[in-house]
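A short worksheet on the structure shown next.
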Amino acid sequence: MDRSRGALVAGALFCTAASGYLVGVHQAGGGGGTPPRTYLLNLNLFGRSLHLTLTVGTMGVAVILMLTVLLAVAVILTMVASHRKRQAEAANRELETEIVERRRAQEAVSRLNAELERRVAERTLELQAANAELEAFCSSVAHDLRAPLRGIEGFSAALFEDCRGRLDQHGLDYLERIRKATARMGQLIDDLLALSRVSRGELRRQKVDLTALGWEVVADLRRADPERRAEVIIADGLSASGDLQLLHAALENLLGNAWKYSSKQPQARIEMGCRGEQHGQTVYFVKDNGAGFEMKYAGKLFKPFQRLHSVSEFPGAGVGLATVQRIVRRHGGDIWAESGAGQGATFYFTLGPAADPDRLSPAPEECSAGNSPAGG
Amino acid sequence: MRERTIVLVEDNPDDVDLTLRAFRAGNIANQIVVIRDGAEALDYFFGTGAYAARDVAILPTLVLLDLNLPKIDGLEVLKTLRADPRTKRLPVIILTTSQEQDEVFRAYDNGCNSYLRKPVESGQFRDAVKQLGLYWLIWNVPPPESQ
C-alpha cells in the first residue's frame with residue numbers, strides 16, 4: 001500500500017518538477033530540407049533550474065512530443081492503478097469490518113449460549129427444588145390428611161361398638177355411612193399419592209418379564225376376591241424394558257380394571273398379550289369382556305378423578321388409568337383404548353423403544369402366533 | 001432389668017386413644033407409657049429433664065414410635081437410641097401414617113425393627129395392634145439384658 005502511494009507521489013512530483021518552458025528557438029540558415037533548430041529550454045527539475053540548449057531537427061521534436069505523450073500516458077495509468085488500488089483497499093477494509101462484526105456476532109452467540117446454559121442449570125435447580133417441595137407436600141398429605149381420617153373412622157367404630165344399644169336404626173345407618181365415606185376418602189388419598197409417586201423418582205429400566213408380572217397381579221386379585229370366577233389368559237414370553245415397580249403398578253391397574261369391570265359377566269374373560277409392533281414399539285394389550293364404555297367418552301378415561309361409571313355400579317376413585325398413562329408416558333410409550341358399551345374393553349399400550357428390542361421384546365411372529373386376539 | 005412396659009411415642013391424642021383402645025381390645029394388659037414428643041422420649045430413655053428420677057437401666061419391652069413428632073422427630077429419636085449402647089438393641093417399631101418409600105428406607109437404614117402403617121380402617125388397625133402385641137410381647141426373643 002505504501003509503495004503504490006510512493007509511486008503516485010513520485011509521478012506527480014515528476015510532472016510538476018519536470019515542468020519547464022521554452023525560452024527561445026533559433027533556426028539556422030536556409031538551404032534544402034528542414035533545417036535543424038536550436039531550442040533553449042529552461043527546465044525546472046526537482047526545484048533546480050536547468051538551462052538546456054538543444055539543437056534538434058523536426059524528428060527530434062516529434063520524439064520529444066512522443067516521449068511527453070508516453071509520460072502523460074504513464075502518469076494516467078499510474079493514477080488509474082492507484083485509484084483501483086484505493087478501491088480494492090476500501091473493499092478490503094469493508095471486508096475486515098465485516099469479519100470483525102462477524103466475530104462479534106459469534107461472540108455474542110456464544111455469550112448467549114452460555115447464558116442459556118446458565119439459565120437451564122438455574123431452572124433445573126428450581127425444578128429440583130420444586131420436586132423436593134412436592135415430595136415434602138405429598139409426605140405431609142399422607143400424614144396430615146390420613147390422621148384426622150383415622151380419628152373419624154376409629155371413633156365412629158368406637159361409637160358403634162360401645163353405644164350401639166342406644167342408637168336407633170337411623171343412627172346406626174348414619175354411622176355406617178360415615179365409616180364408608182371415610183374409607184373412601186382414605187382410598188382417594190392413597191390413590192392420589194400413588195399417582196404422584198409414579199411421576200417422581202428415577203426410572204430404572206431393566207428387563208421385565210411381563211407374563212410373570214401379570215400372573216403375580218392376577219394371583220393377588222384372586223387372593224383378594226377368592227369367590228370370583230374369571231378366565232384369565234396371559235400370553236407366554238411377554239417381556240419389556242422398563243421400571244419393574246412402575247410396570248407392576250400399571251398392570252395392577254389395568255388387570256384390576258379388567259377384573260372389576262368384568263365382575264358382572266357370568267363368564268368373565270381377561271386376556272393379556274401383545275399385538276405386533278407400532279413405530280418400532282411392541283404393542284401390549286389387556287382385554288376384558290366386561291361393561292366397556294362408549295367411545296365418545298374415551299377422552300375422559302385417562303384424566304384423574306374422571307369416571308365413566310357410577311361409584312355404586314363399580315367402585316373406584318378414577319385415578320387408576322391416569323396412573324397407567326403417566327407410567328407408560330414416562331417410559332416413552334402411550335396408551336389408548338377400544339370399546340363399546342357392554343362390549344368389553346381393550347387397552348393397548350407401548351413402553352417406548354426398547355434398549356435392545358431383539359432381546360427384550362418378543363419377536364413379531366411370537367405375537368401373531370395365536371397369542372394375539374383376532375379383533376383389535 | 002426389664003419391665004413389661006410398652007412405650008408409645010405419639011402426639012395425636014386421637015391416635016393415642018385409638019391405640020390404647022386397640023390394645024385393650026387385643027387383651028394386651030401391659031403397662032403403656034404414653035410420650036407426646038421426641039424430646040420427651042429422649043428424656044425418658046436417658047433419664048434427663050422430667051425423667052431425671054427414672055432408672056434408665058429399666059428398659060421397656062417395646063417402643064412404638066411415630067415419625068411425625070413435635071420438637072424432635074421420630075427418625076432423630078431412633079438415631080439417638082441406636083447410637084447409645086444402652087438402647088441400641090431396644091425393639092423399636094415405627095407406627096406411622098406415611099408409607100412414602102423414602103421414609104420407610106430411612107427408618108430401616110436407621111435400625112427400626114419393624115415398620116407399621118396405621119390403617120385408616122379401625123378393624124384393620126385393631127388387628128394390626130393385636131398381632132403386633134402378640135408377636136413382640138410373646139413370641140419375640142428380646143435382646144439379652146447384659147450387653
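The values are calculated or read from the model by the stated rules, or taken from the named source; none is laboratory data. All values derive from a computational prediction rather than experimental measurement. Every residue, glycine as well, gets a Cβ built from its backbone with ideal geometry; the counts of neighbours run over all protein chains shown. Just the protein is used for accessible areas: all its heavy atoms, side chains included, with ligands, DNA and RNA removed. Shrake-Rupley method; radii C 1.70, N 1.55, O 1.52, S 1.80 Å.
On average, how much accessible surface per residue is there in chain B, in Å², for a 1.4 Å probe, leaving out ligands, DNA and RNA?
Numbers: 7000 Å² over 147 residues.
Ligands and nucleic acids excluded, the figure is 48 Å² per residue.
Any residues in region B:90-110 that have 50 Å² or more less accessible area with all protein chains than in their chain alone, probe 1.4 Å, and which are they?
B:97, B:100, B:101
Sequence gap at least 6, Cα distance under 8 Å: using those rules, report the relative contact order of region A:204-368 to the nearest whole percent. List each step's numbers first, then the result.
Values: 309 pairs, mean separation 40.0, N = 165.
Reported as a whole number, the value is 24 percent.
Can you list residues whose amide H is under 5 Å from residue B:33's amide H, if they're 5+ apart or on another chain and H is modeled 1.01 Å from N?
For residue B:33, whose amide H was placed from the backbone, the distant partners under 5 Å are B:6, B:7, B:8.
If you roll a 1.4 Å probe over region B:1-111 with all protein chains in place, what percent of the accessible area is carbon or sulfur?
Numbers: 2400 of 4810 Å².
The computed percentage sits at 50.
What quantity of accessible surface, computed with a 1.4 Å probe and excluding non-protein components, is buried in total between chains A and B, in Å² to the nearest 100? Don't skip to the answer; put the middle values down first.
Values: alone 24040 and 8040 Å², together 30080 Å².
The buried area between A and B, both sides summed, comes to about 2000 Å².
Are there trypsin sites (Lys or Arg not before Pro) in region B:82-147 that DSSP puts in a loop and that have at most 12 other Cβ atoms within 10 Å, and which ones? Mind dumping the intermediate values first?
Values: sites: B:82, B:86, B:88, B:89, B:106, B:117, B:126, B:130; in loops: B:86, B:88, B:89.
Filter output for region B:82-147: B:88.
Please work out the C-alpha center-to-center distance from region A:259-285 to region B:23-52 and express it in whole Å.
54
How much mean residue ellipticity at 222 nm does chain B get from its helices, if each DSSP H run of length 4 or more adds -39500 (n - 2.57) and you divide by all residues, to the nearest 500 deg cm²/dmol?
Details: 5 runs with 53 residues, N = 147.
Using -39500 (n - 2.57) per qualifying helix, the result is -11000 deg cm²/dmol.
Among B:79/B:118; A:207/A:287; A:180/A:300; A:180/B:71; A:300/B:118, which pairs are too far apart, with a Cα-Cα distance over 29 Å? Don't skip to the answer; put the middle values down first.
Values: B:79/B:118 22 Å; A:207/A:287 23 Å; A:180/A:300 26 Å; A:180/B:71 35 Å; A:300/B:118 34 Å.
The answer is A:180/B:71; A:300/B:118.
Calculate, for residue A:65 and residue A:99, the FRET efficiency according to 1/(1 + (r/R0)^6) with r their C-beta to C-beta distance and R0 51 Å; round to the nearest 0.05.
Working: r = 50 Å, r/R0 = 0.99.
E(calc), rounded to 0.05, equals 0.50.
Just counting partner chain Cβ atoms within 10 Å, what average do the residues of peptide B:6-13 show around their Cβ? Intermediate values should be presented prior to the final figure.
Working: counts 0, 0, 0, 0, 0, 1, 5, 1.
Taking all residues of B:6-13 together, the mean is 1.
Given Cα pairs under 8 Å that are at least 6 residues apart, what percent is the relative contact order of chain B? Intermediate results must be reported in sequence, preceding the final value.
Working: 231 pairs, mean separation 38.0, N = 147.
Computed over chain B, the figure is 26 percent.
With a cap of 14 neighbouring Cβ atoms within 10 Å, and only residues DSSP puts in a loop, list the GluC sites (Glu not before Pro) found in region A:271-331. Walk me through the numbers on the way to the answer.
Working: sites: A:271, A:277, A:294, A:313; in loops: A:294, A:313.
Sites meeting the loop and neighbour criteria: A:294, A:313.
Report the trypsin sites (Lys or Arg not before Pro) located in region B:1-41 that are in a DSSP loop and have at most 12 other Cβ atoms inside 10 Å of their Cβ, or state none. Can you show the working numbers first?
Numbers: sites: B:2, B:4, B:21, B:24, B:36; in loops: B:4, B:36.
Passing both the DSSP loop test and the Cβ count: B:4.
Can you pull the accessible area of residue A:146 for me, 1.4 Å probe, Å² to the nearest 10?
We get 10 Å² for residue A:146.
Remind me, what semi-axes does region B:6-138 give for its equivalent ellipsoid, largest first in whole Å, using sqrt of 5 times each Cα gyration tensor eigenvalue? Don't skip to the end; give the middle numbers.
On the way: eigenvalues 95, 61, 39 Å².
In descending order, the three semi-axes are 22, 17, 14 Å.
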